[in-house]
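First up is the structure itself, then whatever we jot down about it.
The values are calculated or read from the model by the stated rules, or taken from the named source; none is laboratory data. Fair warning: this is a prediction, and the values are worked out from it, not measured in the lab. No Cβ is skipped: glycine too gets one built from the backbone with ideal geometry, and neighbour counts run over all protein chains shown. Heavy atoms of the whole protein, side chains included, go into the accessibility calculation; ligands, DNA and RNA do not. Shrake-Rupley method; radii C 1.70, N 1.55, O 1.52, S 1.80 Å.
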Amino acid sequence: MKKIKQYLYILRNNIVAQNIILVGIITFIIKGLGFFKETIVASNFGLTEVLDTFFIAILVPTFISNVFLGAYQSVFVPNYIAELKIKGDRASFQSSGFIVTLLVSIFFMFIAYLATDVFLENLYPGHDTEFYTLVKQQFYLMLPCVVFWGFSSLFGALLNIASAYRLSSFANALTPISVILSLFFLKDIFGAKVLAFGTLVGSALSFIYLLTLATSKKLIALAPPNFNNRNIKILFRQIPAKVGSGLLTGLNPVVDQFFAAKLAIGSIAALNYGLKIPAFITGLVTIAISNVMLPYFSKSIFEDKNKTYSILFKSLKIVFLGVSILVILGFFFSEEIIEILFERKEFTKNDTIVVSQIQQIFLVYLPFSISGMLMVNFLTSINKNAIMAYTALVAVFLNLLFDFLLIEHYAIIGIALSTTIIVILKNVYTFIYIRSLRNKEIPSNL
């Protein structure tokens, strides 16, 4: 009892922990809503060609957003905070961020539009014309999401830096709500394109919500960009490494879907559904951690480097242990979870068995991947993005090799095994690197 009271006292006086828990609770509710959406999608489509085409269609817009725009948003946060610390020109800094986001969004949307046919025919060969047409129709419908996601990430970053975590987190609820409503009321109108339409509307609503929120809190300031600003120069020097890391990391799902497309129809959907629970847990924890810890690390590293390292390693122990307990429970009840969530109408008992096996394999890597996100936030906060790019490069080559070798013997299960092995190796190496970095920068820890 005394120990519990001590922990409660620490929690009451730890603003960072309170913010993580707050964002975690909100994210849990929103992720629950997202899962409700997935159960509705599963009951409407099962493991069918419609879902396969949707997952392929959304892959490129998501890839562009996560790799290029997400990378820029990540390096924007620590360097924008550095600018605020020296009382610099925040308006000029913000303007550069908005300009880069817009230009990068338009550029990659144009490239993606031109490369669609080549992309489909080379990565997903052997399908009929109807399959490719359905992919392209959904892809064109969701392509504008790239712009909405890009600006939403920057508005969300400004809100998180201002500690408005609670309000910014609600933006993530708008897309699942939009998809659910589209399925109920617009399926007859849009048919197989209904998921793409719901995603587009949801991303637009999220953009409008965050823009309105940031404006009302007077967080947006615009002025002519000054590209000679020291922190802006540092930011731009970090972009290639961060983009490279995100690009290479983002290739892994593409590689997995490439090999899954060579298997039976529904394999891509099975892979995605096997990832739903792991993605739910990952999203729940990493969103809470990233929204709070990236700004925190970026501020704390200026004040006390030794303390920041100590907080990182203590956090890693807590996160790894906590997630491991969840993983053990999820592993033993995997089939029951899939049955309860998805097994209805078009989603059969055989589908449940396949997806459950995939899910069990993905669950194994969760303690490593979630701890890895904490380490990524720390490395980003100190502008150590190059090491992540090198690690991601090796991971892509290993994923290609393991997919090729394991798919021959284990089919779709082999792809899940490959991903799990790569994630574990990648994050173990990252941990070793950070330990080495601490020992070099703070010799007393040797």
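Which whole-number percent gives the relative contact order of segment 338-434, counting Cα pairs below 8 Å spaced six or more residues apart?
36 percent.
Quick one: which of 246-252, 74-80, 386-392 comes out on top by average Cβ neighbours within 10 Å, and what's the full order, highest first?
74-80, 246-252, 386-392
If each residue of separation counts as 0.36 nm, what is the full-extension length gain between residue 333 and residue 25 once their alpha-carbon separation is subtracted?
My answer for the length gained is 108.6 nm.
Please work out the FRET efficiency for the pair residue 114 and residue 317, using the Cβ-Cβ distance as r and a Förster radius of 56 Å; give the result to the nearest 0.05.
E(calc), rounded to 0.05, equals 0.70.
What is the Cα radius of gyration of the chain over 2.2 N^0.38 Å, N being its residue count?
Cα Rg divided by the expected 2.2 N^0.38 Å: 0.97.
What percent does the relative contact order of the chain come to when contacts are Cα pairs within less than 8 Å and at least six residues apart?
Reported relative contact order: 24 percent.
On a 0 to 90 degree scale, rounded to 10, what angle separates helix 145-161 from the longest Cα axis of the chain?
For 145-161 against the chain, the angle is about 30 degrees.
Could you compute the FRET efficiency for residue 263 and residue 390, with r as their C-beta to C-beta distance and R0 at 35 Å, rounded to 0.05?
The pair residue 263/residue 390 has a calculated efficiency of 0.65.
Per residue of segment 370-380, in order, report the coupling 6.51 cos²θ - 1.76 cosθ + 1.60 (Karplus, θ = phi - 60°) as ³J(HN,Hα) in whole Hz, putting x for Gly and Pro.
6, 4, x, 5, 5, 5, 4, 4, 5, 5, 5
Could you provide, to the nearest whole Å², the per residue accessible area of the chain with probe 1.4 Å?
About 46 Å² of surface per residue is accessible.
Mind listing which trypsin sites (Lys or Arg not before Pro) in segment 59-127 are in a DSSP loop and have 14 or fewer other Cβ atoms within 10 Å?
Of the trypsin sites (Lys or Arg not before Pro), the ones in loops of segment 59-127 whose Cβ has at most 14 other Cβ atoms within 10 Å are 87.
Between 0 and 90 degrees, rounded to the nearest ten: what's the tilt of helix 90-123 against the longest Cα principal axis of the chain?
Tilt of helix 90-123: around 20 degrees.
With the full set of protein chains in place, find how many percent of the accessible area of the chain is carbon and sulfur; take the probe as 1.4 Å.
Ligands and nucleic acids excluded, carbon and sulfur reach 68 percent.
Tilt of helix 412-441 relative to the longest C-alpha principal axis of the chain, in degrees (0 to 90, nearest 10)?
Tilt of helix 412-441: around 10 degrees.
So how much slack lies between residue 431 and residue 409, counting 0.36 nm per residue of separation and subtracting their Cα-Cα distance, in nm?
Extending this stretch completely gives an extra 4.7 nm.
Between residue 307 and residue 254, how high is the FRET efficiency from 1/(1 + (r/R0)^6) when r is the Cβ-Cβ distance and R₀ = 30 Å? Nearest 0.05.
Efficiency, from the Cβ-Cβ distance: 0.15.
From a point 7 Å beyond the Cα of residue 218 in the direction of its Cβ, which residues of segment 71-104 have a backbone N at a distance under 15 Å?
Residues 91 fall inside that zone.
Taking a 1.4 Å probe, which of 373, 293 shows the most accessible area, and what order do the others take after it?
373, 293
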